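See structure below.
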Amino acid sequence: MLTKTALEVLKSRYFLKNEAGEIIEDFERLSYRVARAVSEVDRIFNSNKVNKTFDSFYDLIYNLKFLPNTPTLMNAGTKKGQLAACFVLPIEDSLKSIFNTLKYTALIHQSGGGTGFSFSKLRPKGDIVSSTHGVSSGPVSFMKIFDMATSIIKQGGKRRGANMGILRVDHPDILEFIACKDSPEAFKNFNISVGLTKDFLNALRDGRDIHLINPRTKTVEKTISSKEILENIVHYAWKTGDPGIINLDIINATNPTPALGDIEATNPCGEQPLLPYESCTLGSINLTKFIKNNTIDYDSLEKVIFEAVHFLDNVVELNKYPIKAIERMSKRNRKIGLGVMGFADLLILLNIPYESKTALNLAKDLMKFITEKAILKSRELAKKRGAFPEFPKSIYAKRGEPERRNATVTTIAPTGTISIIAGVSSGIEPVFSFALKRNIMDREFEEVHPIYEKFLKEGKKIDKKVFVTAYEISPLWHLKIQEAFQKYTENAVSKTINLPESTSEDEVKEIFLTAIDMGLKGVTVYRDKSRPKQTLNFCNINPEKEC
């Protein structure tokens, strides 16, 4: 059931160990531990069906139909008990705020979570600091402190911490920020994204300059060509894979609780926009488990959606939050993010090319179905357990919709290690390579894609239109698939546009402009060999010979 790589990952990261460092559980025991801990939450709501809930949760995990995010698999049923993957923390323009947030970041990373920040409120480099009569060193210098702290603290003792750093496009230090990962050694623990605004995009379309605003004084610090900013974003994204772009106005247009403030940042991979001090628990459905008679078994899928939403809402209740402020905000909105993994594998098994209208229609139909059913379950939970406390101030209440338990229900995550455990393609990404070398926790694994291997062993035809890899798919089709899923996803979509090494800067520019025109919440590109060390690499083994 589990692949060799999956077992190695589970042994190194997920299975509990005793004080001597010896593994004391297997996947069956892990599934039992997690399902038992999360199902016990039902007792809080006077349920007499805890054992039935346990059975359904155990089935979800053990049979790889659905897996929650890594901290839940690692920590459910343990003393640590921190189960959320995604956090956003505020950074105000004071040393007290910066170092309080640094302390909270350390606690989150220690417990297995990832953090996102907007550095946009920090005064620019060279600005006056009245308390010391000195000058500010600017946002990028403070990012270095967060990066160094993350290097020192290993998440949960099992994985490195991860951060997202965001700076608004109209901040005076934007060009320094865009170039901050130019060195391969710089900001290894950060993904960075430029926060685009409607004003910037209008200026870009009109060929105008934009004003860079000092966040302390709210005055114009300088004026710069919008085109120059875009060219810098393109150059460094082409060269290093960073920055990505995040469209702040589009994200806030779907902010479910605007009365609580604007969303300024996301989690490390960009799929979960959150308010300051919010956290979110994610989980993903393994789409390959829902094929029946060469089509989607929507009846079985519906059942798993209902169970997964129930599971994730229980996690919000069970979670031991790192600090009280995060617990308060997280329980005010009770955001969850149900997504998918194995989409590319699903297409292969249904004999559908990734670059096809059929794939686009399937993506829309699937995500529409998942979100609609997840909302339905959230409304059912609200009747039994109460709506999320901020519901009366939410966009749903203003639209006259029924109460729901969770402010958001769906997210498309990258599903890094949980897709390895499930033995399927990650998130909605195409297959990277049918033979690859994967770097995990400083270990290298050689592997052949399970479906490809099965087809070869059974002598089935390998259709080159269906068995395509990430680099063989045009950037436009990467974006089209992202757009199809985004249309019916309440939060956002993690998607990397993988590009061959030969890709030009002009081609990267076209990708960004197309993503903007499509109204995507964000986009990231990665050109092969942009970094000296990357997680996935092509493998020299010949699958046909090896199999």
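See the values below:
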read-out	value
Filter pass, GLU446 being of a type in the set (D, E, K, R), surrounded by fewer than 19 Cβ atoms within 10 Å (Cβ to Cβ) and part of a strand (DSSP E or B)	yes
Residue list for region 173-232, restricted to those being of a type in the set (Val, Ile, Thr) and in a loop (DSSP other than H, G, I, E, B)	THR197, THR217, THR219
Region 250-283: number of residues that are closer than 25 Å to ILE192 by Cβ and either in the same structural domain as ILE420 (by TED's automatic domain parsing) or in contact with a strand residue (DSSP E or B) (Cβ under 8 Å, 6 or more places away or on another chain) (or both)	22
Breaking point among (1) within 30 Å of GLY342 (Cα to Cα); (2) among the polar types (S, T, N, Q); (3) touching a Ser or Thr at 6+ places or on another chain (Cβ under 8 Å), for THR105	(1)
Residue satisfying all of: in region 328-385; under 23 Å from ILE418 (Cα atoms) and over 23 Å from the mean Cα position of the chain (by Cα); surrounded by the most Cβ atoms within 10 Å (Cβ to Cβ) among these	ILE348
Residue that is farthest from SER97 (Cα to Cα) [pool: residues in region 108-146 that are in a strand (DSSP E or B) and within 19 Å of the chain's Cα centre (by Cα)]	GLY114
Pick from region 277-311, criterion among the small types (Gly, Ala, Ser) and under 19 Å from the mean Cα position of the chain (by Cα), ranking: farthest from MET1 (Cα to Cα)	SER279
Only listed residue being under 21 Å from ASP173 (Cβ atoms), surrounded by 23 or more Cβ atoms within 10 Å (Cβ to Cβ) and not acidic (Asp, Glu), chosen from LEU102, LEU95, LEU89	LEU89
Restricting region 295-347 to residues that are without any contact (Cβ under 8 Å) to a residue 12 or more places away in the chain and touching a helix residue (DSSP H, G or I) at 6+ places or on another chain (Cβ under 6 Å), the residue that is farthest from LEU89 (Cα to Cα)	ASP297
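Yes/no per residue for (1) in contact with a strand residue (DSSP E or B) (Cβ under 8 Å, 6 or more places away or on another chain); (2) among the hydrophobic types (A, V, I, L, M, F, W, C); (3) outside the structural domain of LYS331 (by TED's automatic domain parsing):
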{"position": "LEU10", "(1), (2), (3)": "no, yes, no"}
{"position": "GLY21", "(1), (2), (3)": "no, no, no"}
{"position": "PHE57", "(1), (2), (3)": "no, yes, no"}
{"position": "ILE61", "(1), (2), (3)": "yes, yes, no"}
{"position": "LEU67", "(1), (2), (3)": "yes, yes, no"}
{"position": "MET74", "(1), (2), (3)": "no, yes, no"}
{"position": "GLU92", "(1), (2), (3)": "no, no, yes"}
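The values are calculated or read from the model by the stated rules, or taken from the named source; none is laboratory data. Nothing here was measured: the structure is a model prediction, and the numbers come from that model. Neighbour counts run over all protein chains shown; Cβ positions are idealised from the backbone, glycine included.
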